[in-house]
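One structure below.
Read-outs: derived from the displayed coordinates by stated rules, not from any lab. Fair warning: this is a prediction, and the values are worked out from it, not measured in the lab. Quick reminder, even Gly has a Cβ in these numbers, built from the backbone with ideal geometry, and neighbours come from all protein chains shown.
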Amino acid sequence: MHGTATRERLLAAAAASCVELGFDGATLNDIARRAEVSGPAIYNHFANKAELMVAAAQLALAGLAPRSTPSPREVVSTYLSDEFATTRRFVLELHLASHRHPDLARLLGAWHAARAAQLATEWTGGPDATRPARVATLFAFLLGLCQIDALRGLHVATDDVRHQAHRMVDVLFPDGSPA
């Protein structure tokens, strides 16, 4: 098992290790063991742990919705789905760890900037000085939604939270976001 199969196993192992042990607790040795490869084999695919983890998050978020560019409402619905719980925790852990790890912060920042530039145009359809701020606000909102599992004690139905979240998205993107 080499090449793409190894890379895919490493990405899955990195996400699982980070969710279970946190970014700091997830070691390259643990990730290699979970992926059933030698520790040095990781370096055939990734320069370091931060690069591996960000690639794993990108892969996890690539499956957000059936379309290549999901609407903001679709993204919110996916973030709130039970099936996305593990990915929510993974994304949150990476962002929290980025405050302690400048290399991780740099990679996440570059990813955010590239994705935000793409979405600002696709979600708002035309020139608008508020586009970057609206997308940044949605990104911050999504990171907040990553905490939804910690709020289960409030005993609010997920559908009710989803409804309110959609109302917030409609305020940010009233100008014909993709359906």
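Structure values in brief
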| read-out | value |
| --- | --- |
| Cα-based helix-to-principal-axis angle, 158-172 vs the chain, degrees rounded to 10 | 70 degrees |
| Dipole magnitude of the chain about its Cα centre (Cβ charges: Lys, Arg +1; Asp, Glu -1), debye to nearest 20 | 220 debye |
| Label-point gap, in nm, between residue 139 and residue 160 - each point 7 angstrom along Cα→Cβ | 3.2 nm |
| Angle in degrees between helix 4-25 and the longest Cα principal axis of the chain, rounded to the nearest 10 | 80 degrees |
| The range 1-102 - charge dipole about Cα centre, Lys and Arg +1 at Cβ, Asp and Glu -1, debye rounded to 20 | 140 debye |
| Debye intensity ratio in log₁₀ form over the Cα atoms of the chain, taken at each q of 0.14 Å⁻¹ | -0.81 |
| Prolate/oblate/rounded label for the range 80-164 (Cα gyration tensor, a/c 1.5) | oblate |
| Once exposed loop trypsin sites (Lys or Arg not before Pro) are cut out (DSSP; at most 10 other Cβ, 10 Å), longest piece of the chain | 101-179 |
| Calculated [θ] (222 nm, deg cm²/dmol) that DSSP helices of n ≥ 4 give over the chain, each run adding -39,500 (n - 2.57) | -21500 deg cm²/dmol |
| Radius of gyration, Dmax [the range 1-57; alpha carbons; angstrom] | 9.7, 28 |
| Karplus (6.51, -1.76, 1.60) ³J(HN,Hα), θ = phi - 60°, over the range 81-94, in Hz, Gly and Pro reported as x | 6, 4, 5, 9, 4, 5, 5, 4, 5, 4, 4, 4, 4, 5 |
